[in-house]
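Scroll down for the structure; my scribbles are underneath it.
The values are calculated or read from the model by the stated rules, or taken from the named source; none is laboratory data. Keep in mind the model is a prediction, meaning the values are calculated, not measured. Cβ sites come from the backbone with ideal geometry, for glycine too, and all protein chains shown count toward neighbours. Side chains included, ligands, DNA and RNA excluded: accessible areas come from the protein's heavy atoms. Shrake-Rupley method; radii C 1.70, N 1.55, O 1.52, S 1.80 Å.
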Amino acid sequence: MSELTDLSELAKRRGFFFASNEAYGGTAGFYTFGPEGAALKRNVEDVWRDRFVRELGHMELEAPTVMPEAVFEASGHLDTFDDMILECGDCGATHRADHLVEDATDVDDAEAFAPERVADLVADHDVACPSCGVPLADRPVEAFNLMFGTNIGPGSSSPGYLRPETAQGIFVEFPRLKEYARNQLPFGVAQIGRAYRNEISPRRALVRVREFTQAELEHFIDPEYDDPPLERVDDVELPLYSAAAQQDDGDLEHHTVAEALEAGVVESEWVAYYLGEALAFYEAIGVDMDRFRYRQHLPGELSHYAADCWDAETEVGGNWVEVTGFAYRSDYDLRKHGKHSEEEFTVFRQYDEPKTVERATVDPDMSYLGPTFGGAAGDVVDALEALARRDRSAFDGDAVTVEVDDESYTLPVEKTGFAVEEQTESGEHITPHVVEPSFGIDRLVYSVLAHRHGTDEVDGEERSFLALPTGVAPTTVAVVPLMTKDGLDERAREVAASLRAAGFEVNYDDTGNIGRRYRRQDEVGTPYCVTVDYDTLEDDTVTVRERDSTDQTRVAVDDLADAVDRLVSGAALSEL
Ligand code: GAP
């Protein structure tokens with residue numbers, strides 16, 4: 001069986017994740033996290049929160065998942081958040097055209113191609129419909145917007161969308177958030193929450209789904225004055241697969257953060273900083289670092305807003321999966337929201353010393369503009385003010401022309417009240433830049449399950465186990481009575497209750513023989529099992545068994561919570 005089949009089978013059998021709504025035939029691209037998976041996912045999120053919110057001192061918010069259309073007009077999602085779709089003329093199945101091309105050729109970034117080029121490749125390579133086998137050569141490749149639309153309230157006058165990324169819920173609240181940050185850059189705002197994309201071809205279980213969880217951090221900085229605290233990560237070694245290496249058949253290179261910046265492999269200090277910060281997070285949740293890399297975006301892949309972009313990728317079942325995007329988004333998002341909304345998406349940058357500057361201003365003669373331009377007069381004034389700031393030479397002649405909504409308005413310069421004045425200013429309004437690490441939690445959970453799953457032989461029998469780090473394992477300790485008689489089960493329940501009271505995630509398991517129970521706990525990644533046996537009734541000690549080594553030792557019940565605490569903190573079983 002392949003790693004992916006193994007994983008899906010284990011995930012379903014043991015309650016990590018499974019396809020949703022199967023009672024009604026299933027819904028492609030939606031997965032339910034079962035009891036083990038929900039706990040594992042929550043623990044991964046907590047490790048993320050601990051590092052990217054608490055340790056780095058950022059804020060966290062929780063915004064709605066439905067947002068009005070205006071947000072996505074401003075962000076560009078309405079116009080450009082598209083994938084290329086190709087519909088089979090025979091069976092009506094829809095496919096992602098770039099994926100069909102990638103599967104049929106050695107192209108690996110067809111997403112960056114224009115639809116016409118993808119259509120040509122479909123024809124040139126005789127690509128057929130994967131569902132019915134009919135050739136797709138004459139079918140058009142069209143843009144398909146990935147957002148799920150809805151209506152806010154009854155009727156259709158207020159369209160809305162399920163957010164395709166959690167980031168927009170942070171950007172739109174910037175005017176308020178900057179106040180909580182006391183109007184001082186830099187500051188970071190994080191959010192963990194659901195995002196929705198109506199993927200054309202959901203695939204590989206949790207890898208491409210239609211509803212998933214993102215953990216995003218938007219770090220707002222002053223591009224001229226704010227530097228990242230590189231001393232925290234200077235020596236962290238990064239596995240880097242640069243755009244140059246990808247283009248020249250080169251290999252992964254290992255550089256420390258300091259070396260990568262020095263050699264120009266990573267251009268942005270901020271991006272390099274977060275590549276360094278994130279590495280310990282991946283290790284802590286159990287990603288196998290021999291199956292992990294940072295891959296730089298190829299020039300054609302770069303988002304229109306991103307200056308430097310790297311993805312963290314994990315290898316699962318022979319494929320590389322993007323688990324995080326690290327982007328320097330410049331001032332793109334805040335500038336767009338500033339332009340489309342009525343709010344200021346800027347912060348005030350105070351100068352060290354007040355500066356005397358020349359400012360071009362207008363003071364239009366409204367007794368002329370009103371009668372001349374009627375209802376457009378107000379917009380003409382705004383346009384004149386903007387033009388004076390942007391290009392004072394436009395006022396050099398006798399007349400000046402401004403554009404409002406594709407209409408030109410010309411008026412004598414003397415009616416504009418144009419003047420250049422000296423002003424003393426204590427600072428200026430700037431639009432912050434954004435550095436964004438954006439993590440896909442579902443893909444991380446999937447990768448961790450794949451990387452931590454193993455098999456070995458114990459007592460002549462094959463064992464399947466999940467070597468999850470204690471910090472993310474759904475259960476820390478399972479309490480198992482040797483028998484469910486002679487008071488062993490009652491005593492075991494008491495031991496379980498005392499461990500729960502001490503704050504541990506505990507599973508009480510008394511079904512099946514003891515060997516099966518160990519196997520079951522090994523397979524859901526429980527690092528420790530505590531067995532209550534007949535000796536417990538005599539001397540009040542229990543056996544503590546370690547998942548990875550299967551070694552065992554005896555501990556007094558009175559010392560048990562302390563012993564588990566030491567194990568969780570890294571002590572070896574032999575040290576108890
Ligand atoms: N705000 C930036 C942003 O959303 P992205 O690269 O589109 O960037 C970030 O998404 C992360 O979200 C990805 O690295 C991936 O881990 C996860 N992700 C994106 N689409 C997904 C999908 N359809 N299913 C599961 N995870 C997805």
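List of remarks:
- Top-ranked residue in segment 203-219 [being closer than 14 Å to Thr32 by Cβ and more than 6 Å from the ligand (Cβ to nearest atom); ranked as surrounded by the most Cβ atoms within 10 Å (Cβ to Cβ)]: Leu206
- When restricted to residues that are in a helix (DSSP H, G or I) and open to solvent by less than 60 Å² (accessible area, probe 1.4 Å), segment 120-156 contains 3.
- Between Arg117, Arg96, the distinction of being of a type outside the set (S, T, N, Q) and open to solvent by 60 Å² or more (accessible area, probe 1.4 Å) belongs to Arg117 only.
- Within segment 71-84, not a single residue is in contact (Cβ under 8 Å) with a residue 12 or more places away in the chain and more than 20 Å from Arg197 (Cβ to Cβ).
- Meets criteria (open to solvent by less than 30 Å² (accessible area, probe 1.4 Å), in a helix (DSSP H, G or I), without any contact (Cβ under 8 Å) to a residue 60 or more places away in the chain and more than 16 Å from the ligand (Cβ to nearest atom)) for Gly250: no
- Within segment 142-192, the set of residues being within 16 Å of the ligand (Cβ to nearest atom) and among the polar types (S, T, N, Q) comprises Asn145, Thr166, Gln168, Gln191.
- Candidates Gly487, Gly454, Gly525: the one that is open to solvent by less than 30 Å² (accessible area, probe 1.4 Å), more than 16 Å from the ligand (Cβ to nearest atom), more than 30 Å from Cys309 (Cβ to Cβ) and not assigned by TED's automatic domain parsing to the domain that holds Ala556 is Gly454.
For every residue, the table says whether it meets (1) out of contact with any Leu (no Cβ under 7 Å at 6 or more places or on another chain); (2) not basic (Lys, Arg).
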position: Arg139; (1), (2): no, no
position: Ala167; (1), (2): yes, yes
position: Gln191; (1), (2): no, yes
position: Ile200; (1), (2): yes, yes
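- Among the residues making up segment 257-306, those that are within 18 Å of the chain's Cα centre (by Cα) and not in a helix (DSSP H, G or I) are Gly286, Val287, Phe292, Arg293, Tyr294, Arg295, Gln296, His297, Leu302, Ser303, Tyr305, Ala306.
- Matching residues in segment 298-319 - criterion: being modelled with pLDDT under 95, of a type outside the set (S, T, N, Q) and open to solvent by 30 Å² or more (accessible area, probe 1.4 Å): Pro299, Gly300, Glu301, Leu302, His304, Tyr305, Ala307, Gly317, Gly318
- Under the condition of being assigned to a strand (DSSP E or B) and not hydrophobic (A, V, I, L, M, F, W, C), the residues counted in segment 315-356 number 16.
- Pro474 away from the ligand (no atom under 16 Å from the Cβ), under 30 Å from Ser303 (Cβ atoms), within 35 Å of the chain's Cα centre (by Cα) and open to solvent by less than 20 Å² (accessible area, probe 1.4 Å): no
- Answer residue from segment 544-576, given it is of a type in the set (Gly, Ala, Ser) and open to solvent by 80 Å² or more (accessible area, probe 1.4 Å) and is modelled with the lowest pLDDT among those: Ser574
- Restricting Thr531, Thr541 to those that are modelled with pLDDT of 95 or more, farther than 30 Å from Leu449 by Cβ and of a type in the set (Ser, Thr, Tyr) reduces the list to Thr541.
- Cβ-Cβ distances below 9 Å connect the following pairs, each with a first residue in segment 354-376 that is over 18 Å from Thr410 (Cα atoms), a second residue that is modelled with pLDDT of 95 or more and of a type in the set (Phe, Trp, Tyr), and a separation of six or more residues or different chains: Ala360/Phe395; Ala360/Phe418.
- Residue count, segment 308-333 (criterion: over 20 Å from Arg293 (Cα atoms) and away from the ligand (no atom under 12 Å from the Cβ)): 2
- In the set (1) of a type outside the set (Gly, Ala, Ser); (2) more than 41 Å from the chain's Cα centre (by Cα); (3) open to solvent by 90 Å² or more (accessible area, probe 1.4 Å), Gln350 fails one condition alone, (2).
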